[in-house]
Amino acid sequence: MEHNCKYCGTVVKAVDGANKVFCSQCGNVVFDSSMQSVGNQSAKAKSNTPVIIVLSVIAVALLIAVIAIVGIFVVKPSNDYKLACELMDKGNYVEAIAAFEELEPYKDSSDRIVECMYNMAQELYADGEYEKALDLYKKLGDYSDSKELAEKSVLKLQQQALKSSRVGDIVRFGVYEQDNNLSNGAEVIEWQVLEVNGNQRLLISRYGIDCRQYDSRNMELTWANCELRSWLNGEFMQTAFSAERQNMIIPTSVTNESNPFYGTWGGNNTVDNIYLLSYNEAASYFPANEQRRAQPTAFTAFKNAEIKEGNCWWWLRTPGVYGVDVCGVHHNGELDPKGVYVYGQRSAVRPVMWVTVE
């Protein structure tokens, strides 16, 4: 094999198998097998350089992606959660709820939302914002004592409405079955304000609230010893009103007048929490027939109350033409001085009571 000397250009013929070849003219090394090997390795290394660069780029990209993922799914939620907790601790519940909602289902964000709602409802109640507090308590459902506080909010709203009411206004107070759907519980009772005396209000139910006998016995009797009086002051009062509402009902001295046309004795005077209007009271509080007309509830209608033109016949407490009869109001609003038998089963009941709103 021949080699050209790079120093002087002399062509030098190498002996087969020789590791080194020297120039015969200048004596420099023309060929060195070890240098050739190094050169090959260098070339090989150069050929691998693009691959190494590509792999390095991919590794860096992966590292950046991992860092980004950690930031998005670990660091940011953690920081946002801390911020939401700080808002909650400062009482900024609206902002805190919004922040926790963005985080759901991260950690206990859902529980924190409920806690914020409860705390906010508590503050609203303390500030007298009962309607807003009630909305939150309803949304909270069974959480802590939310149901109890919702009921207290309702009572506060009813008390406010009573205190600002005037004669003729309709107010809501207590509950009783009215829509004849027992599965959805009792409905709030609506009352018409008959009289205002300072912080006291005289109320009569807006509708015929039930259909009941004045008394089941076929005998002469008066308001003082009839079964309807016992029911109103016993079962009805316990069913319709909570303990707090019962405390608002004022025991009233009731004068039981004789029949103004037939002179039938009205019986002994009584003291009642809940009672019925007398004939004269009905004429005084409702001067016109149209004012005395009353519709039954669906529950009252279901119990077969006498209904004509959408209105019901309802009891008064004054005796009728005989001691076995009791006065009432016809469906058209006319007063009935003769009355119907005490054991009549188709007459509606409109309870009356004084309440205090102090």
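Key figures
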read-out: Unit charges at the beta carbon, dipole of segment 254-358: most positive-side option, Leu335, Phe286, Ala298; value: Ala298
read-out: Most mobile listed residue (Pro105, Pro50, Pro319) in the chain, GNM with C-alpha springs under 10 Å; value: Pro50
read-out: Positive dipole terminus of the chain, leading residue within Val357, Ala186, Thr222 (C-beta point charges); value: Ala186
read-out: GNM flexibility winner over the chain from Ser205, Ser284, Ser109 (Cα, springs under 10 Å); value: Ser284
read-out: Degrees separating the helix 33-70 axis from the principal Cα axis of the chain, which is the longest one; value: 10
read-out: Shape category assigned to segment 282-333 from the gyration tensor of Cα positions, a/c cut at 1.5; value: oblate
read-out: Whichever lysines have a C-alpha closer than 19 Å to that of Lys132, once near sequence neighbours (fewer than 8 apart) are set aside; value: Lys147, Lys152, Lys156
read-out: About the Cα centre, charge dipole magnitude for the chain (Lys/Arg +1, Asp/Glu -1 at Cβ), debye; value: 1300
read-out: Nearest-ten-degree value, helix 109-126 long axis tilted from longest Cα axis of the chain; value: 40
read-out: Rounded to whole Hz, the Karplus (6.51, -1.76, 1.60) HN-Hα couplings of segment 352-358, x for glycine and proline; value: 10, 6, 9, 10, 9, 10, 5
read-out: Nonlocal amide H pairs with Cys8, under 5 Å, H built at 1.01 Å; value: none
read-out: Per principal axis, descending, Cα span of the chain in whole Å; value: 164, 39, 31
read-out: MRE, 222 nm, helices only [DSSP H, n ≥ 4, -39500 (n - 2.57), over the chain, to nearest 500]; value: -12000 deg cm²/dmol
read-out: Inter-centroid distance (Cα atoms) of segment 56-116 relative to segment 296-331, Å; value: 66
read-out: Residues whose placed amide H lies under 5 Å from that of Ile250, excluding near-sequence neighbours; value: Trp354, Val355, Thr356
read-out: Sparse-neighbour loop sites [trypsin sites (Lys or Arg not before Pro); segment 139-190; at most 13 other C-beta within 10 Å; DSSP]; value: Arg166
read-out: Net charge dipole size for segment 207-333 [Lys, Arg +1 and Asp, Glu -1 on Cβ; Debye, nearest 20]; value: 140
read-out: Residue among Ala150, Ala59, Ala288 with the largest mean-square fluctuation in a Gaussian network model of the chain, springs linking Cα atoms under 10 Å; value: Ala59
read-out: 10 Å-binned pair-distance histogram of segment 250-358 (Cα, whole percent); value: 15, 44, 34, 6, 0
read-out: Compactness of segment 166-238 as Cα Rg over 2.2 N^0.38 Å, two decimals; value: 1.32
read-out: Cut-off under 5 Å, modelled amide H: who pairs with Asn269 long-range; value: Asn256
read-out: Principal-axis tilt of helix 146-164 within the chain, Cα atoms, nearest 10 degrees; value: 50
read-out: Segment 91-164 - Rg over Rh from alpha carbon coordinates, Kirkwood radius; value: 1.06
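No value in this document is a laboratory result; all are computed from the given coordinates. From a predicted model like this one, the values you see are computed outputs, not experimental measurements. Methodologically, a virtual Cβ is constructed for each residue, glycine included, from the backbone with ideal geometry; neighbour enumeration extends over all protein chains shown.
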